[in-house]
4 protein chains.
Amino acid sequence: MSLDLRSDNTLPAHPAILEAVSRANAGTQTSYGSDEFSLRVRARCAEIFERDVDVFPVLTGSAGNALAIGAMTPPWGAVFCHADAHIHRDELGAAEMFTGGAKLMPIPGALGKLEPDATRAVIEEVRDSRRMATLSTLSITQTTEAGTVCSLEEIHALTALAKSNNLRIHMDGARFANAVVSLGSSPADLTWRAGVDILVFGATKNGGFGAELLVVFRKEVAETLSILWHRSGHRPSKARFLAAQLDAYLHDDLWLRNARHANEMAAYLAQGLRAAGLNTLLPVDANIVFVRLPPHTARHLQSMGFQFYDWPIFGPDVYRMVTGFNTPQEGIDSLLGALRA
Amino acid sequence: MSLDLRSDNTLPAHPAILEAVSRANAGTQTSYGSDEFSLRVRARCAEIFERDVDVFPVLTGSAGNALAIGAMTPPWGAVFCHADAHIHRDELGAAEMFTGGAKLMPIPGALGKLEPDATRAVIEEVRDSRRMATLSTLSITQTTEAGTVCSLEEIHALTALAKSNNLRIHMDGARFANAVVSLGSSPADLTWRAGVDILVFGATKNGGFGAELLVVFRKEVAETLSILWHRSGHRPSKARFLAAQLDAYLHDDLWLRNARHANEMAAYLAQGLRAAGLNTLLPVDANIVFVRLPPHTARHLQSMGFQFYDWPIFGPDVYRMVTGFNTPQEGIDSLLGALRA
Amino acid sequence: MSLDLRSDNTLPAHPAILEAVSRANAGTQTSYGSDEFSLRVRARCAEIFERDVDVFPVLTGSAGNALAIGAMTPPWGAVFCHADAHIHRDELGAAEMFTGGAKLMPIPGALGKLEPDATRAVIEEVRDSRRMATLSTLSITQTTEAGTVCSLEEIHALTALAKSNNLRIHMDGARFANAVVSLGSSPADLTWRAGVDILVFGATKNGGFGAELLVVFRKEVAETLSILWHRSGHRPSKARFLAAQLDAYLHDDLWLRNARHANEMAAYLAQGLRAAGLNTLLPVDANIVFVRLPPHTARHLQSMGFQFYDWPIFGPDVYRMVTGFNTPQEGIDSLLGALRA
Amino acid sequence: MSLDLRSDNTLPAHPAILEAVSRANAGTQTSYGSDEFSLRVRARCAEIFERDVDVFPVLTGSAGNALAIGAMTPPWGAVFCHADAHIHRDELGAAEMFTGGAKLMPIPGALGKLEPDATRAVIEEVRDSRRMATLSTLSITQTTEAGTVCSLEEIHALTALAKSNNLRIHMDGARFANAVVSLGSSPADLTWRAGVDILVFGATKNGGFGAELLVVFRKEVAETLSILWHRSGHRPSKARFLAAQLDAYLHDDLWLRNARHANEMAAYLAQGLRAAGLNTLLPVDANIVFVRLPPHTARHLQSMGFQFYDWPIFGPDVYRMVTGFNTPQEGIDSLLGALRA
């Protein structure tokens, strides 16, 4: 038996996405983003988000985040984000590089979420210092790194705070699909209608080979972004092959179907773990489960072929299990069976 | 009839590369470059280059160039390159971004090639100024933007000059395969044995979906490069899908076979154009033909479905035709037939 | 009556320093730092620090800090500093600019001092993240922004921690003279013998017109620093006029005499405030006193001509009073008298 | 006998400027630029330039240039300048640092001047490339590095070209006073009325200790500039001491009187050299003379105490002689006498 719950990055692409790339591999296409697939992705996003948008496909989520923040933040700006945000903890200073030296202001918050009061306090600290940085950007992660999902109300509280301080708003949506499924809200409500300026709309973790889409809701940012996209080496010459992935991803709700399966498998896993008397530390809103396990149990499961990582920043004996678009229910049953045995 | 000679970027991927991606799309793999495909690419490069190397796959050639130059050049360094170099003319300052503000020193030179005397003069100008920049990096393009190939002797003259001034050496090898085929020299002789420190080994234009390989011949640069690769958002999480392309590309000499076909088609096209009394401006060493055409002829051909770009920086009425791994000989015959008609 | 306790930046220069500039204003001198005054400053520093050093005069402390950190920290490095450090709170991201995007890691600590345990925890957090930043630089402020002085033991505890993590060490010594006087330790013991790599040795706040000296104890950093000094516009052409200030400052212990007076006046003021039943919040180790006052009392004093700032980040009703090289004891007596009245 | 013609940087400050600094050294002043001297400098500039302006004093001309260009140029912008411009040849990439990687486009031109046709050609090359850089800034040096002065007509031709391409305009005025005296035009006509956005108004070379003034004619740039001024460490805490220099410099036409003397001495020297049958290579519009001398003659003069530099970039056996506000006519007579002997 083997089941890989290490990350949604270890998974293959969804067959429909492979098929789309396959189909796109015929004939020639204008390069650098004027191909028919790129145009279709933009049109499809206009439907999904219920308005005209500018879109820029990139290979990685880090690229998407750094480009979005770089296009909205001056070198002397402050970027407010959760202390566990990917942009702060996992990207080796990509946001700092793309802004030319902005200052990330990490803010602790329960459940992986930015809390409005704590966020306001840090914004005011920067504002009152007058010499720390200028107020610039708020970065929200949806689904959070803790696997939780911010409700519409929680998003609104944060974006209202941001707007009242003239901040631009970036949403790291590496797992945006999982949040949409979890909340049942419309993509428009979760983003621009709440004030989000740029969404990094993830596909890689949810069935792609490697493709993320910058969805831009603020026209005047798009021009800067298009320069930075090229200047940073992130504009693909054979752009159709990123676009084809995204085209298939957005077609026929594949993105939602994939995320729904992943979320369901996580809920099923969490329920089983709790039934086995284990502590799942956080609400399982999306496709990530954190569980406290006796280390010898963890090692035993791993030796049987169940793969998952320990997650020490969430405490001792904590392990992270991530489900994906193709996680088999039988795999989870096996894991739970092994646990009980 | 239709024939696309606009760029090697408008072409699809080679079927063997699609097949490899397809095959790689099974099971799970460790992310961020520790997958089996990435390891195999490194091993395969060690054979091709006859020594141990470090390798970093990226999506685009601009990324490869910017990373290579960024890893070797301080913010105050001078980068010497041809006036037509892609890094100077086509990347919106990617090298400047990744170095933190280095100064590119464009040097004119016939046939798209850096000439040692002109290059030495510029190096000495910077050295003697003492306050312009520090001497840092030489960037050689092989195959050049003019479609010419530098001979081993020409490479040696440049690298000797560079080494005598303690410059690091970058080779932009977006069309490296075409140069290897053209010269019949070994990849090792054309790179590290001549003193090259980093090669950006192109696959995108020669049969890939989008994959270039940074091949690093100087150990101490690899560590910096691995940081910059991540920090710039160019390190793919599902790295296996870039690696699988490169694995297939390097397997069974596909890279050489593809380039050989492209070069042969360019030679065939150039011969036909000359036979029709037209002026091909430059030696056709690789897969690019520049030809002077009466504009109405050009427009007529284009209206028939023969696609190619005008190239005004090479003079009035100049057009560029680029062949690729899958350019059909009959297509060229049709074009030549249409020309004669 | 009037007494300015707003900052040591509001004071004039010491007469001996004006006189030195006056004397230096004769004849011509080689520009850009090869003048006789610059050479003498270096020689004088070699005596004071009991070893050969490289020195670079600059106009401002922010310049000194940014240059020092910029010369030792890669763009992807982490700089560990106190949460109240000037480099983090007061320089609008100068360190981020001069490093090309390094990440400052602010660490809270009582009495304005970095505490080894808290510092170690943050270093380890960055190290363990593996993708946040590389471990690079520790920045110590001596005298701290809270007006406290770190003992030799405290310095050693921090530098030992830094060295065991291969960090370079910067000391922000805008009020270094006040610390030397306060501790009675030798400048060498407080800096390079404890492991400090670069000291920003302040003169502006302690009798200069505007002159700070970068004192470099690590040879290989000096070359980078000399480039960055020029490239950032901080290398003065008529360097003799900064050097002459520093020359007079270091002559005949003026720097120590000035600091001693300032420290004594602060102690005298603090004692008087406490005698009047007021709460001086922190140990008065140097020339800064923080005191809690009823706001109407503060306003009354201010209306009488006693100038000082409120300091809300240290709590409600907190005011900062800074003494300097020329603060008159009678002025303090008047202030205390007014308080009692 | 001794006469220093090496540079206007080797000279002392004018006595009136020393006296002003001396007088400013009384009492306390608000720091960071809100002192009375700073306010007076701004008011005085409003008179001289016949309109409201924003002003920022800095220590060095390189700082002024880098800040001006940095405040107007995005990281991906092109800055068009003369091939001999100080910003390109002498500042170790300060403009690149302060812009975050802009591309300087050096343009050759006779007499040290940008020529409109050559400048237009380079602007169009960048524009047509579409991927080299965006059109951003024109930098004009007045007085040029060749000691020539651009006429009002020449300035207008360049600024019209710039405006028609939406370029912002920077004027490096390290020797602006010499140009004003030479042309007899008003400062307003030579700057904002011609379209200049920021002037770096030099005082250091013309009687200051070290003080240059950024004079900003475009309101919306001033805010960015004020941030960058602080962030780069160029905002002096004891700002009154730069301001006092500038205050005296602008008082009672000292800046014009100093420049007039320097210009007259250069003209006198040039006339004498020509009378001695020597070749002064360029028009002597301001305070710089380039002369071709037999090397043994040069060495002989130098051994007698006449100091000047060789200037190889202007050709073999070329020497540069710079006069200043205090160059004594008898010194020049001695030099000419020694030449004749």
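The values are calculated or read from the model by the stated rules, or taken from the named source; none is laboratory data. Values in this document were obtained by computation on a predicted structure and should not be read as measured data. For neighbour counting, all protein chains shown are included, and Cβ atoms are generated from backbone atoms with ideal geometry for every residue, glycine included. Quick note on the areas: whole protein, heavy atoms, side chains included, nothing else; ligands and nucleic acids left out. Shrake-Rupley method; radii C 1.70, N 1.55, O 1.52, S 1.80 Å.
Of the residues making up the range A:20-59, just one is over 19 Å from A:Thr204 (Cα atoms), within 8 Å of chain B (Cβ to nearest Cβ), in contact with a Leu (Cβ under 8 Å, 6 or more places away or on another chain) and open to solvent by less than 30 Å² (accessible area, probe 1.4 Å), namely A:Asn25. In the condition set (1) part of a loop (DSSP other than H, G, I, E, B); (2) more than 30 Å from C:Ala133 (Cα to Cα), B:His234 is compliant with all but (2). Residues in the range A:111-132 that are at positive phi and either in contact (Cβ under 8 Å) with a residue 24 or more places away in the chain or surrounded by 15 or more Cβ atoms within 10 Å (Cβ to Cβ) (or both): 2 in all.
When you scan the range D:272-287, do you find a residue that is more than 14 Å from chain C (Cβ to nearest Cβ), in contact with a Ser or Thr (Cβ under 7 Å, 6 or more places away or on another chain) and part of a helix (DSSP H, G or I), even just one? Yes, because at least one residue in the range D:272-287 is more than 14 Å from chain C (Cβ to nearest Cβ), in contact with a Ser or Thr (Cβ under 7 Å, 6 or more places away or on another chain) and part of a helix (DSSP H, G or I).
Could we say that C:Met105 is under 24 Å from B:Arg231 (Cβ atoms), over 16 Å from the mean Cα position of the chain (by Cα) and open to solvent by 10 Å² or more (accessible area, probe 1.4 Å) here? It is true that C:Met105 is under 24 Å from B:Arg231 (Cβ atoms), over 16 Å from the mean Cα position of the chain (by Cα) and open to solvent by 10 Å² or more (accessible area, probe 1.4 Å). What residue, among those in the range D:89-100 that are more than 14 Å from the chain's Cα centre (by Cα), at the interface with chain B (Cβ under 7 Å from one of its Cβ atoms) and open to solvent by less than 10 Å² (accessible area, probe 1.4 Å), is nearest to B:Met97 (Cα to Cα)? Taking the candidates together, the pick is D:Glu96. Restricting the range B:7-19 to residues that are over 19 Å from the mean Cα position of the chain (by Cα) and farther than 27 Å from B:Leu190 by Cα, the residue that is farthest from the other protein chains (Cβ to nearest Cβ) is B:Glu19. Take the residues of the range B:233-274 that are free of Cβ contacts under 8 Å to residues at least 24 places away in the same chain and closer than 20 Å to B:Pro295 by Cα: which is least open to solvent (accessible area, probe 1.4 Å)? Filtering the range B:233-274 for residues that are free of Cβ contacts under 8 Å to residues at least 24 places away in the same chain and closer than 20 Å to B:Pro295 by Cα, the one least open to solvent (accessible area, probe 1.4 Å) comes out as B:Ala270. Filtered by the rule that a residue be in contact with a strand residue (DSSP E or B) (Cβ under 6 Å, 6 or more places away or on another chain) and over 15 Å from D:Tyr32 (Cα atoms), the range D:214-254 gives D:Leu214, D:Val215, D:Val216, D:Ala222, D:Leu246. Give just the number: which of (1) in a helix (DSSP H, G or I); (2) open to solvent by less than 30 Å² (accessible area, probe 1.4 Å); (3) touching a Ser or Thr at 6+ places or on another chain (Cβ under 9 Å) does D:Ser182 not satisfy? All conditions pass for D:Ser182, except number (2).
Residues in the range C:305-341 that are part of a strand (DSSP E or B) and in contact with a Ser or Thr (Cβ under 7 Å, 6 or more places away or on another chain): C:Val322 alone.
In this structure, B:Ile69 does not satisfy being open to solvent by less than 10 Å² (accessible area, probe 1.4 Å), within 14 Å of chain D (Cβ to nearest Cβ) and over 30 Å from C:Trp76 (Cβ atoms).
If the condition is being open to solvent by 60 Å² or more (accessible area, probe 1.4 Å) and touching a helix residue (DSSP H, G or I) at 6+ places or on another chain (Cβ under 8 Å), then the range D:314-332 contributes D:Asp317, D:Asn326, D:Gln329. Restricting attention to the range C:12-60, the residues that are outside any loop (DSSP other than H, G, I, E, B) and not charged (D, E, K, R) add up to 21.
Out of all the residues in the range C:196-231, which are part of a loop (DSSP other than H, G, I, E, B), more than 9 Å from chain D (Cβ to nearest Cβ) and either open to solvent by less than 10 Å² (accessible area, probe 1.4 Å) or of a type in the set (Val, Ile, Thr) (or both)? Across the range C:196-231, the qualifying residues are C:Val196, C:Asp197, C:Ala203, C:Gly207, C:Ala211.
Total residues in the range B:2-19 satisfying the condition of being open to solvent by 10 Å² or more (accessible area, probe 1.4 Å) and within 18 Å of A:Gly208 (Cβ to Cβ): the figure is 1.
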